[in-house]
1. Just to confirm my numbers, what's the Cα centroid distance between the stretch 216-239 and the stretch 121-142 in Å?
2. Exposure proxy check: ARG272, ARG121 ranked by fewest other beta carbons within 10 Å?
3. Calculate how many DSSP beta bridges within the stretch 136-236 are antiparallel, expressed in % of all such bridges and rounded to the nearest 5.
4. For the residue pair ASN120 and GLU207, what label-to-label distance in nm results when each label sits 7 Å from Cα along the Cα-to-beta-carbon direction?
5. I'd like the distance separating the alpha-carbon centroids of the stretch 62-84 and the stretch 262-340, in whole Å.
6. Provide the gained length on full extension for the span ARG40 to ALA317, in nm with one decimal, where the gain is 0.36 nm per separating residue minus the Cα-Cα distance.
7. Apply 1/(1 + (r/R0)^6) to the Cβ-Cβ distance of GLU50 and HIS278, taking R0 = 45 Å, and write down the FRET efficiency to the nearest 0.05.
8. Roughly what % of DSSP beta bridges within the chain run antiparallel, to the nearest 5?
Amino acid sequence: MLASMIHEFKNIVESNNQANKEGYKTVLATVVALDGSSYRRPGVQMLIWENGKFTGAVSGGCVEKEIKRQAATVFSSGTPKIMTYDGRFRLGCEGVLYILIEPFKPSQEFLEVFAATIKNRKGFSLSSYYNKKDGVDNNYGTLCFIDKKTFSIQGKQINTTSLLEFTQEMAPSNKLLLIGAEHDAVQLCSFATALGWDVTIITSPLEEKDILDFPGAKNLIAVEPEMLSTENIDTHTAVMLMTHSYAKDLKYLLTISTTSPMYLGTLGPLKRREKLLHDFMEYKPDADLDFMENIHGPAGLDIGAETPQEIAISIMAEILAVVRDRKPIMLKDKVKGIHQ
């Protein structure tokens, strides 16, 4: 399951907490099955507040209105239900959605364990139980499995016997390490944050930058290259070297050479990358080949980007393509389905 999904579920939990503070009940809608094609795949969720407000979306906008209407009976009765939505007659997608709508009443223990899981960037799983037909059932519902503990998001036990099961693994949030503090780093931070990535800014102490200069960033660390700790650069971390200083880029590259990020990008033309690798090898002749081959420079896809915002989009697009092992093409040229 894509790491972006954990970000959406995190937003749902936070939205529920806010709704409870304001005195509103909430229900959760989860697409648990699909016949045909749709805007998004099963697993996508949205939270509906009792006052009509909602967080998240399960489609491009058409299905949400019907979900909000169907949620009214769940608010009044407290009984979960399955609703179907036939997009063959109302959407551009030729599919039938099966959507579980259930009360969202997680326990305080769940909220505490979940918060710790997000903070520690760990994964968990969700299993939804249902039948593939319209109707209500007190045993419909979703269970969350974290560190060998089981939580019902309805806050009550359910009997899952004889019900269908849809399970999704929630991978830890992706992290982007931005090494650099110029204007283009601000733009890349903004787009990565919007995609649900945890962004950490690495800058020189001489830059005198503040985390407020990078809206959405989770951390800012002012440190010289030689003192940078690499213990948190894991296989869910992308690294972007963009100090605009060749010497600094080389020093940071040498520091992180013992790590295995899922993506490593550099700014500048191809000649700069070749020189960077040449000088890197002078210092690290025994460097791991996989680390070397994972360096993308110039970073980004060729979409004709000119402005810092467009360049940020280009870089994030390449990062996603690398992380998800996709060769970028225009969707109109793709023979198989969009999500295949």
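1. 37
2. On the way: ARG272 15, ARG121 18.
Fewest-to-most ranking of ARG272, ARG121: ARG272, ARG121.
3. In the stretch 136-236, DSSP labels about 30 percent of beta bridges as antiparallel.
4. Rounded to a tenth, the inter-label distance reads 3.1 nm.
5. So the separation of the two Cα centres works out to 44 Å.
6. So the extension gain works out to 97.9 nm.
7. Details: r = 63 Å, r/R0 = 1.39.
Given R0 = 45 Å and the Cβ-Cβ separation, E is 0.10.
8. Values: 41 of 61 bridges.
Of those bridges, close to 65 percent are antiparallel.
Read the figures in this text as sums done on the coordinates, not as results from a lab. Just so it is clear, the model here is predicted, and its values are computed rather than measured. Every residue, glycine among them, receives a Cβ derived from its backbone with ideal geometry; neighbour counts consider all protein chains shown.
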